[in-house]
C-alpha cells in the first residue's frame, strides 16, 4: 500500500496490497480480481449508528451485487461479538479487534465522532433502532465493546487491481456513503 500524508490516509490512486481477510463466514480477498470491493470500516458490532446504516445496504444488497460490488464490512469487534448480529446483516463481515486494518487505512477513533450536532439530531432514530433490536433479540446490545465505543467510519472503493477508486473518511460516526453514493462512485469507475 502506498503511504500518503502524515496520518497515512489512503487516497484515490493508491494501490492496496493483497489481503486475505478472515471473514465471519468465508475468507475474503481484497482486492477481488472479478469485482469492485466496497470496504467499510465501521465502529463496533452492535453500534446503533452503524447498524442503522448497514441495514440500508442489506435491503439493497442485490442491487449492489448487480453493480459488480462486493460489500465487506469491518468492525473492531471479536468474531463472537459480530456473530450476535450475523443473522441481521447477511453481508461479508470481518472482525478486527486489534484494529490492524483501521491503523493500516488511517481510520481514527475520537470522542468527536459522537460529540457532534449531526449525531445529536439523529439520536431519536438511533435510539429507536436500538430498542427495536432489543425487543427482537430479547437482550441488550454491546455495553463494553472490544475496541471501545468511539470511532470514525471510512469507505473505500477498490478495483480488481488494488487501485483505490474512491475514498471517504467520515467526519462523525454517521458520516459515510449511502447506497446511492456508492453506486454513483462505482458507475464512475
| message | I need a count of the residues in segment 5-38 that are within 26 Å of residue 60 (Cα to Cα) and either assigned to a loop (DSSP other than H, G, I, E, B) or touching a helix residue (DSSP H, G or I) at 6+ places or on another chain (Cβ under 7 Å) (or both). | response | 11
| query | Which ones in segment 26-35 are surrounded by 11 or more Cβ atoms within 10 Å (Cβ to Cβ) and in contact (Cβ under 8 Å) with a residue 24 or more places away in the chain? | reply | 28, 30, 31, 32, 35
| remark: Taking segment 48-66 and keeping residues closer than 23 Å to residue 160 by Cα, in contact (Cβ under 8 Å) with a residue 40 or more places away in the chain and in contact with a strand residue (DSSP E or B) (Cβ under 8 Å, 6 or more places away or on another chain) leaves 57, 64
| said: Are there helices (runs of 4 or more DSSP H) fully within segment 58-136 with at least 3 residues that are at pLDDT below 90 and within 21 Å of residue 175 (Cβ to Cβ)? List them. | reply: 117-121
| field | Only listed residue being surrounded by fewer than 16 Cβ atoms within 10 Å (Cβ to Cβ) and over 17 Å from residue 183 (Cα atoms), chosen from 43, 83 | value | 83
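The values are calculated or read from the model by the stated rules, or taken from the named source; none is laboratory data. As the structure is a prediction and not an experimental result, all values here were calculated from the model. Here Cβ is always computed from backbone atoms with ideal geometry, including for glycine, and neighbour counts include all displayed protein chains.
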